[in-house]
Amino acid sequence: MTSDGLITMESRFSVSQTIDRLTDAVTAAGLLVFARIDHAKGAQQAGMQLRPTELLIFGHPRGGTPLMQERQAAGIDLPLKALAWEDESGQVWLGCNDTGWLARRHDLGAASAHALDALRAGTAKLTSGAAGG
């Protein structure tokens, strides 16, 4: 499902397991994990409640640099990110930015088309596997 540039899919696993699976897939693909952020833990430390929500920031300069070479401001959306969260009914979701949305947002064209295609295919494979699809 795509909404406003966000591709989401149901996960068969918990939030933590989904991000663990994504982390494993990312590293197996030779990509770098830059950060893993547990938003629920941060909320708890601030005295607030939040259902399980984790963000993984990942990528590789080979993938993102061509986008920034064409439009340097594209770096605001790089490296790639994936968010897993549990909704009010207990369903876990995994979402990431749609590369088509990134292309439109930054007016990317032919110079980065090959890189965008590779990012689209790679992200779809990684997230689908992590969610158990």
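Among the residues making up region 8-34, those that are under 19 Å from Leu119 (Cα atoms), in contact with a strand residue (DSSP E or B) (Cβ under 9 Å, 6 or more places away or on another chain) and outside any helix (DSSP H, G or I) are Thr8, Met9, Leu31, Leu32, Val33, Phe34.
Here Gln45 clears all of (1) touching a helix residue (DSSP H, G or I) at 6+ places or on another chain (Cβ under 6 Å); (2) surrounded by fewer than 15 Cβ atoms within 10 Å (Cβ to Cβ); (3) not aliphatic (A, V, I, L, M) except the condition numbered (1). Against the numbered list (1) part of a loop (DSSP other than H, G, I, E, B); (2) aliphatic (A, V, I, L, M); (3) within 14 Å of the chain's Cα centre (by Cα), Ile37 comes up short only at (1).
Restricting region 94-123 to residues that are outside any strand (DSSP E or B), touching a residue at least 24 places away in the same chain (Cβ under 8 Å) and hydrophobic (A, V, I, L, M, F, W, C), the residue that is nearest to Leu32 (Cα to Cα) is Leu119.
Within region 80-93, residues that are surrounded by 10 or more Cβ atoms within 10 Å (Cβ to Cβ) sit with their Cβ atoms under 6 Å from residues that are in a loop (DSSP other than H, G, I, E, B), at 6+ positions apart or across chains, in these pairs: Glu86/Arg51; Glu86/Pro52.
Read-outs: derived from the displayed coordinates by stated rules, not from any lab. These figures come from a predicted structure and were not determined experimentally. All Cβ positions, glycine included, derive from the backbone under ideal geometry; neighbour counts span all protein chains shown.
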